[in-house]
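Here's the structure, in structure tokens; my notes come after.
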Amino acid sequence: MEPPKGFVVEHSTRWKQSAKALSDDQLTELAGRLRQLQESFGQPHRHGGLGLRKLRRNAYELRLSLGLRVVFLHLKPNKVLLMLCGNHDDAARFLKEF
């Protein structure tokens, strides 16, 4: 089943705190990746190059670069909630708390 196009991207309070450290280039990269995610989410063969990985039931990780990850929740039917931006250790800590 294909997700509806045009899903909403929301930001958690934790996201806003962690994203303050992102450069303009990183924010531009993130915006592009989110557009790609919107077009291909739920179709694994299409989002292979995004660095998308399922962490838990509805928690996912999107790699922006080698050391930078975005953790988000997919809330059905058409919402993505950005939770954290950080390195691998930050993502692992988030999952322990989540």
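The values are calculated or read from the model by the stated rules, or taken from the named source; none is laboratory data. As the structure is a computational prediction, the values presented were derived from the model and not from experiment. When we count neighbours, we look across all protein chains shown, and the Cβ atoms used for this are built from the backbone with ideal geometry, even at glycine. All accessible areas refer to the heavy atoms of the entire protein, side chains included, with ligands and DNA or RNA removed. Shrake-Rupley method; radii C 1.70, N 1.55, O 1.52, S 1.80 Å.
Suppose all protein chains stay in the model; what accessible area per residue would a 1.4 Å probe give for the chain, in Å²? Present the calculation step by step, with values, prior to reporting the outcome.
Numbers: 6070 Å² over 98 residues.
Counting only protein heavy atoms, the per-residue value for the chain is 62 Å².
Figure the gain on full extension for Thr28 and Asn87 (residue separation times 0.36 nm, minus the Cα-Cα span) and round it to one decimal in nm. Kindly include the intermediate steps, with their values, before the conclusion.
Working: separation 59, 0.36 × 59 = 21.24 nm, distance 1.81 nm.
The Thr28-Asn87 span can extend by a further 19.4 nm.
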*What angle do you read, to the nearest 10 degrees and between 0 and 90, between the alpha-carbon axis of helix 88-97 and the longest principal axis of the chain?*
80
*So what's the net charge close to Glu10: Lys and Arg +1, Asp and Glu -1, counting the other residues with Cβ under 15 Å from its Cβ?*
+4
*Mind checking the full-extension length gain between Gln36 and Ser12? Use 0.36 nm per residue of separation minus the Cα-Cα distance, one decimal, nm.*
6.5 nm
*Of the residues Ala59, Ala19, Ala31, which exhibits the maximal mean-square fluctuation in a Gaussian network model of the chain defined by a 10 Å Cα contact cut-off?*
Ala31
*Which value at 222 nm does the chain reach when only helices count, each DSSP H run of 4 or more adding -39,500 (n - 2.57), with the total divided by all residues and rounded to the nearest 500 deg cm²/dmol?*
-10000 deg cm²/dmol
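Out of the total accessible area of segment 9-88 (probe 1.4 Å, heavy atoms of protein only), what percent is carbon and sulfur? Present the calculation step by step, with values, prior to reporting the outcome.
Numbers: 2290 of 4670 Å².
Roughly 49 percent of what the probe reaches on segment 9-88 is carbon or sulfur.
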*Tensor-based shape of segment 17-98 (alpha-carbon gyration tensor, a/c under 1.5 rounded, otherwise prolate or oblate)*: oblate
*Positive end of the charge dipole of the chain (Lys, Arg +1 and Asp, Glu -1 on Cβ, about the Cα centre): tell me which of Ala59, Met83, Val8 has its Cα farthest that way.*
Ala59
